[in-house]
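Asker: The structure is given below, and queries will be raised subsequently.
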Amino acid sequence: MVDSVDQKEIVPSIDVDVEQPSHDDDEHHEIDEYGNPVQVRLFGVTMSRDAAYYSVDLLCFVLSIASFVSVAVAVQWDAFVWRFYVGLGCFMIFCIVIAEVNHHNKFESMTASFNRWRFPLICTFFVLSIGDFILLQLSDVPDECEVWSSSNSQCPLLDPDDHGVRYMTRSFTIVCGALFVCCILAYWERISYLSAHNAFLTSMLYMTVIGAVFLYFARCLSPPPQRKEEQKYSWSWHQPHDTNQILCFITKFMVVVVLFFVIMGSIVLALFGDASRSSESLGTGAAMIIFIIFSHIIMITPLAPGSVVDVCAGFLFVSLLVNNEGFSIEQAYFISLALTIALHFSGSCCQYFVGKIGAVQIWANKTLPPEMLAASDTVLKTANWFKVGVVGQVFMDTANGLNQGRMDMNFCTQFWSEYASIPNALGLVSLGTILAVSSFGDATIKRYEWLEDAIPLVFMITSLWQMMASSYGAKELLSSSGTVPYWTALEKWYSVQWFYNRGYVPTKQGWQQDVYRLGSAASKHPPPQEKDADGDEAIDMEPAVQVNMAENQPLSLFESIHQFRLSNMSKSHVISTSEEFRGDDDDDMSFLQFCRNRCRRKAEPIFQRRRMVEEKKLSEQSIALRQQHWQSLQQQLDELVQRKQLINVPSKIDIENYFTDSEGIKLYAHYAITASIFLTGMGAYFYISKNISLTLAVSTGLSALQSNNVSSIGWISLLLFWLLVIAYFHRECKDNLMQCRSNLSFVCNGCKHADGYDRSDMETVFNTPIWRSVDTDSSTSTEI
C-alpha cells in the first residue's frame, strides 16, 4: 500500500500497464492522446468535449452567482439560509474547478498531491472542525435572547456580532468544508476502486437525486469504460452497475435508516426511558445487577453491537444515581464511566472464555473473515497487550474478543488489551448521560440544555479515536501482509473455510497429517527466475508450475503460492508490504522528521492506480492457484472421510435474493417494490421520528408515541415497510431461521448433530502446518 512505500520505491519496478479506456466502439469514436473521446453527448446533443465542459462550467457559474446574490439579498443572518446558499455557491465553484482540472487531464496529478499531504490535511481538518464547533456553541443565540447582554443568563458567552465572531465561524465552516473535500480527494483512487467494484456509492447518489444529476454530468463529460475487460483494470468511479444490485443496495440502506432512526432512535429509546424509570422502584443495586447480567449477554453475542451497552449504561446508571441516591450529575457521570469501563474488562473475560468453547471455535473458524483469522495467527499471537488493543479496533469488538479465546491468547494480554475500548466508552457514556438529563425535570434540562448540542462533538471525538486506532491497526496488518507467516495462514484459512462450506472438516488426526496438503509434498527444485532490467523478478501473470517435474508429484499449496510469488512478484512489492521494510531510516527519525519526510515524497500521478492494479492481478492469480489445488483434492475427499481424516458436516447452501437476476416484468416488479420500500421508509421517518426528539422520547417514554406526536400514517408506513422488506428478503429470512435452529441444536447437543455423530474430534485450533521451502534448508513457517 501507499503508506508503506519508501521514497526510493515510489513506482514499483513491475511491468503493469494502466490501460487507457476505450469508450464504446473505438472505430466510431475518435480518441485523443489521453484516451478521452473528442466528441461527447450532453443533453442528448453530440458536441465536442471542450464545448461540453464549457457548457457545464457556464451552468455552474450561473448557479453560483445566483447563490451568492441570494446571500447578499438576505439581510437577516439566518444560519440555515445563509449556509445553504453559500454552500451551494461554493459547491458550484468546486464543480467548475474539478471540471476544468479534469478537462486539462490533471485530475490524477491533483489527487496524487493531496494524497502526499493527506496527514496534515486530516489533522488540520479535525482541529479546525472541533474549534469551529466550540466557537459556534459559545456564540449560539437561543430564541429567549432577543438582545445579547452579558448579564442575561439566556444569552451565549460570546456575542456573535462582536469582534467578528460570526465572520470567524462562517469562514471556519467554509474552510472545514474545503478541507473535507481535499481529504476525500486524497484517497480518491481507493474511493474510485470501491465505487467501481461496489454499487453502494452509486445507489446513494441515485437516492439523493442531486447525486444522480452529478453522476449524469460525470458520465457525459468523461464516459466510463463500457466493456468488462476494460473495467477490470481501468475502472472508474462512475462506471455503470447492474440495476438489480443498485436496487438491492437502496433497499438495504432503507432498512438501516428505519432501524436506527425509527426503531432505535424513537421506539426503543422511548421504551428504555420508561424501563429506566420502572427500574428505579427496584432499587439501585437490583437494577444495576440486572443490567450487568443483561449487558454481559449482549457482549458475548457475536453480532450484537457492544457500543449499545455503553450508551445504556450511561443512561441507566446516571438516572439511578441521581434520582435514587441523590448524586449530582457530575458525580454520577464519573461513577457510571468507571462502572462501564469495569464492564468492558469483565465482558472481555467472558468473551475470552466463551471463545474457548469447542462449539464457538467451530462457529468462528467457519464464519470469521480469513483476514482476521490470519492476523490472529501472525500479528496478534505474539503481540503485546498494547498492540493487540489497537489492532483489535479494526475488527468488530465482540467477534474480536471471541477470537482471542479461540486462538488461546495469553489471558493477561487479552485482559489489558481492553484498554483500547476506554476512549469509546468515554464518548458513549457521555452520550447516555446527555440523554438521561432529559428525564431530570425542567429545571435541570434548562441548566444543562447545552449538552444536547454537544452530541455532535462527542461523536466527532469518538470517531477520531476510532479512525486513528483503526488506521494504525490496518497499517500493522498491512506491514505483515507480505511475510511468509501471514500469507501461509491466510491460505490455510481460505482452504479450511472452502472445504467447510462444502461439507468437510479435518479431524485432529487429519490436520496433524496435513490432510489438505498445505505444507507437505514440497518440491526440491524451484523454477528458474528471470530478472528484469532493475534486477527484480519479471512479472509473468501465467500460473506457476503446479507439478514437481523432478519427483513427478503435485506441489503443496504453500509451495505453489511461494513459487508464484518468487517468479511473478517484484522484490519492491514484497519488501514494501513486509514487516522488515523501513524507509529512509524511519526508526532513527523524530516524529516531525518522519512527517516531513512523508510530505516530501514525490507525488506520482498514477502510482496508487498502478499499485492497486498490481495487487488485483496478483490476487486473481493466487485465487486461480488456490482453486486449482482444491480441485485436485476433490476426488480424494470421500476416501479421506473413510480414513477418519475428514468429517462430513452439512454443506453451506448459497442463497440468492429473489430479484438478483431480474429481467423483463420481474425487473419492473423489482423497481416497484424498491420504490415502495423507499417511500414507506421515508414515511415512517417523517411521520414518526421527525416529530420525536431525543429529549421528548426519554422524558415522556411511550407517551411520546401517542397520536398528538405520531400520525397514523406513520404506523401504517412502518407496518407496510416491514411487510415489504420481509417479502423482499424472504429467502434470506428463511435460511437465517434454519441456520439459527441448526446452530442452537448443535450447541445444545454438545457438538453433536441430529445424526448422532460426535463432532468433538473436529480440529478447532488449526495451527499452520510446518512447511519447508524448496529454496531453503530450514523451515520458512513454523507452527503458530
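Asker: Mind grabbing the base-10 log of I(q)/I(0) for segment 40-124 at q = 0.10, 0.20 Å⁻¹? Debye formula, identical points on the C-alpha positions, no solvent, two decimal places.
Answerer: Reported log10 I(q)/I(0), two decimals: -0.39, -0.95.
Asker: Ordering Cys733, Cys183 from largest to smallest accessible area (1.4 angstrom probe), what's the sequence?
Answerer: Cys733, Cys183
Asker: Quick one: which residues, 5+ away or cross-chain, put their amide H under 5 Å from the amide H of Thr507? H built at 1.01 Å from N.
Answerer: The answer is Leu646, Ile647, Glu763.
Asker: Provide the three semi-axes, in whole Å and in decreasing order, of the ellipsoid equivalent to segment 219-279 as defined by the square roots of 5 times the Cα gyration tensor eigenvalues.
Answerer: 45, 10, 9
Asker: So, one more: Counting only residues 5 or more places away or on other chains, whose amide H sits under 5 Å from the amide H of Leu42 once H atoms are built in the peptide plane?
Answerer: Under 5 Å from the amide H of Leu42: Met47.
Asker: How compact and how long is segment 454-521, expressed as Rg and Dmax of its alpha-carbon atoms in Å?
Answerer: In Å, with Rg to one decimal and Dmax whole: 19.6, 63.
Asker: Using only the alpha-carbon atoms, what does segment 640-737 span along each of its principal axes? Please give whole angstrom values in decreasing order.
Answerer: On the principal axes, segment 640-737 reaches 70, 41, 15 Å in Cα extent.
Asker: To continue, here is another question. Which cross-chain or sequence-distant (5 or more) residues have an amide H under 5 Å from the amide H of Arg502, H modelled 1.01 Å from N in plane?
Answerer: Lys652
Asker: Give me the accessible area of Leu720, 1.4 Å probe, in Å² rounded to the nearest 10.
Answerer: Roughly 80 Å² of Leu720 is accessible to a 1.4 Å probe.
Asker: Right, something else. Using a 1.4 angstrom probe on the protein heavy atoms only, could you order Leu737, Leu557 from most to least accessible area?
Answerer: Heavy-atom accessible area, descending, gives Leu737, Leu557.
Asker: Counting residues in segment 184-236 as N, plug N into 2.2 N^0.38 Å and put the Cα Rg over that result.
Answerer: This ratio for segment 184-236 stands at 1.15.
Asker: Measure out, as a whole number of angstrom, how far apart the alpha-carbon centroids of segment 615-629 and segment 202-266 sit.
Answerer: Spelled out, the Cα-based centre of one part sits 29 Å from the other.
Asker: For the pairs Lys492/Lys644; Lys252/Lys475; Lys387/Lys616; Lys228/Lys492, note any where the Cα-Cα span goes beyond 24 Å.
Answerer: Lys252/Lys475; Lys387/Lys616; Lys228/Lys492
Asker: Across bins of 5 angstrom width beginning at 0, how are the C-alpha pair distances of segment 298-420 distributed, in whole percent?
Answerer: Over segment 298-420, the share of Cα pairs per 5 Å bin runs 2, 12, 20, 21, 16, 10, 8, 6, 4, 2, 0 percent.
Asker: Note the full-extension length gain between Gln226 and Ile263 as 0.36 nm times their separation in residues minus their Cα-Cα distance, in nm to one decimal.
Answerer: 9.2 nm is the gain from fully extending Gln226 to Ile263.
Asker: Which whole-Hz ³J(HN,Hα) couplings does segment 104-116 yield from phi under the Karplus relation 6.51 cos²θ - 1.76 cosθ + 1.60, θ = phi - 60°, glycine and proline marked x?
Answerer: Whole-Hz 3J(HN,Hα) from phi for segment 104-116: 9, 6, 10, 5, 5, 5, 5, 5, 5, 5, 5, 5, 5.
Asker: log10 I(q)/I(0), Debye, Cα-only segment 197-319, no solvent, q = 0.09 Å⁻¹?
Answerer: -0.49
The values are calculated or read from the model by the stated rules, or taken from the named source; none is laboratory data. What you are looking at is a predicted structure, and each value in this text was computed from that prediction instead of being measured. To get the accessible areas, we keep the full protein, side chains included, count just its heavy atoms, and leave off ligands, DNA and RNA. Shrake-Rupley method; radii C 1.70, N 1.55, O 1.52, S 1.80 Å.
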